[in-house]
1. Could you grab the Rg to Rh ratio for segment 186-328? Cα atoms only, Kirkwood for Rh.
2. Report the antiparallel proportion of the DSSP beta bridges in the chain as a percent, rounded to a multiple of 5.
3. Test of understanding: express the Cα radius of gyration of segment 381-429 as a ratio to 2.2 N^0.38 Å, with N the residue count.
4. Output the peptides 379-390, 295-306 sorted from most to least packed, where packing is the average of other Cβ atoms within 10 Å over each peptide's residues.
5. Which of 304, 417, 405 sits closest to the plus end of the dipole of segment 290-423, meaning its Cα is farthest towards the positive end, when Lys and Arg get +1 and Asp and Glu get -1 on the C-beta?
6. Only one of the listed values, (i) 57, 57, 55; (ii) 96, 66, 46; (iii) 96, 63, 42, was derived from the coordinates as Cα extents along the principal axes in Å; which label is it?
7. Given a 1.4 Å probe and every protein chain left where it sits, what share in percent of the accessible area of the chain is carbon and sulfur?
8. Translational diffusion coefficient of segment 135-200 at 4 °C, 1.567 mPa s, Stokes-Einstein with Kirkwood Rh over Cα pairs, in µm²/s as a whole number.
Amino acid sequence: MAAGVPPDALGRRVSCGTDYGTVRYVGSVAQTAGIWLGVEWDDPQRGKHDGSYEGTQYFKCRHPKGGSFIRPNKANFGVDFLTAVKDRYGLNDKQDVQYGTGNTVVFGTKTVEFVGMDSVAEQQRQVQLNKLVDISVRECAVSHAGQEEEISRTCANMRHINLSKNLISSWETIITIASQVKNLETLNVSENKMRFPSTSTFTSSAFSNLKILALNQTEITWTEVLLCAQGWPVLEELYLSSNNITVLERPDNVLQTLKLLDLSDNQLLDGNQLHLIAELPRLEQLILRNTGISSIHFPDAEFGCKTKMFPLLKRLAINDNKISQWSSINELDKLPSLRALQCNNNPFMDTEKNPETLIQLIIAKISQLEVLNNCEILPAERRGAELDYRKIFGKDWLEAGGHWNPEKNKPSEEFLAAHPRYPTLCLKYGAPEEGELKERQPLTLKNQLLTLTIKCPEKPEQKPVEKKLPESMTIQKVKGLLYRLFKIPGSELKLSYESSKLEGKEVELDNDLKPLQFYSIESGDCVLVRW
């Protein structure tokens, strides 16, 4: 092998300036002198060809312009783990000499020699390294573990290691480093394009205490995840975003302690892939952002019943996907433990142009939801959403066979499939009255706006605010708006108003279900808020 080229260069990760790549060829190139490295670059824009030159194919690339040849002296093959740690934290030999050079200190014109200075500096380094608990060597060109057991001798107390975006080529290197850190709890090896074991091998105890593992952008497959997971007996959080994972398999006897799984930015084959991980017994949080899923379905449960899938799932993120039907949102009500949902940027949200109504529909459809798109759902907001949902679809309910008389109430299967919670809401609040349905104006109408002054008479520090509100807005919705405006719970508010035409007379706004126009409020009137 040529000077400067490691014997195991083929398949190694290298950097050249700010660019990263993998060595696919080592050797001569026709009509040129010396040794070349054929590199497949992570960024295809850095390359020039597909690994061929003058009609000869020297190596293969996934991208037709992803490869190029460079001289070995241009490639950085990286450093060992401890060298990177010492450089990163200023504990290498170059920073030890603070009083002169070598073992001497200069006092004026006299040079005084200190015997054993090197050993003292080395001892101080050891003490400082042993104190490190949380270590980050991100982008420090780490490529290998170093001398055997050297890490365990010098960094015995490490618990959290960030090894992201380095030059690590193999999962074996990670095992070698981790096996020397007995109390390792958190490990981030994202942005290292590594080779992973393809068959079941001897299970190392290197990760016996590992709780959090990040493998984002490592090109790992789900099959490889399950093979490696045999060595993660207590893992609680696993981050796997941007790995081209398309197909899942059932994790038999592995990942049984997992509480959080991030599969974002992997284009899954379809929503049914989720059924294969639905039996993870302790999973509480599932992140499926930008996974290409277009529907969610839990076929084991009828509407109104809870699924046996994802029994402990509390937090679900399905934002930036292709979910176009409200039926998938109905399905989420089957999850027995769901409390928080992120669902922005899905086509189903374009079916309702009023953003406030959109939020109300989601809240009303998922009974146990407490947080929607990172915003807490207050009891008063839920009550208002469910009451409005009951009214919005009241006419559809009647036309589908619904009736105020329980004996005649037989809504169609189609209506119940589209609105599975509607019967429950009627039991909770009563069937909608005909008067309520007539009062409601179509959502598409631009209702007349009232210009109102809002004051807090018992809170002089709160300045009066002027707001334009639709006259059809219910008192419940006004309270929800005022909660956000003044940061107070809507359920505790007491509202009244003073007419600009009748000074001194105060009218209480005491029915949450009535619109502003019911109380004959006009522009220029003043709403009084107390809590």
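The values are calculated or read from the model by the stated rules, or taken from the named source; none is laboratory data. Please read these numbers as outputs of a predicted model, since none were measured by experiment. All Cβ positions, even for glycine, are placed from backbone atoms using ideal geometry, and neighbour counts span all protein chains on display. Ligands, DNA and RNA are excluded from the accessible area calculation, which covers all protein heavy atoms including side chains. Shrake-Rupley method; radii C 1.70, N 1.55, O 1.52, S 1.80 Å.
1. 0.97
2. Rounded to the nearest five, the antiparallel share is 55 percent.
3. 1.07
4. Final packing ranking: 379-390, 295-306.
5. 304
6. Read-out taken from this structure: (ii).
7. Using a 1.4 Å probe with all protein chains present, the chain comes out at 49 percent carbon and sulfur.
8. D = 106 µm²/s.
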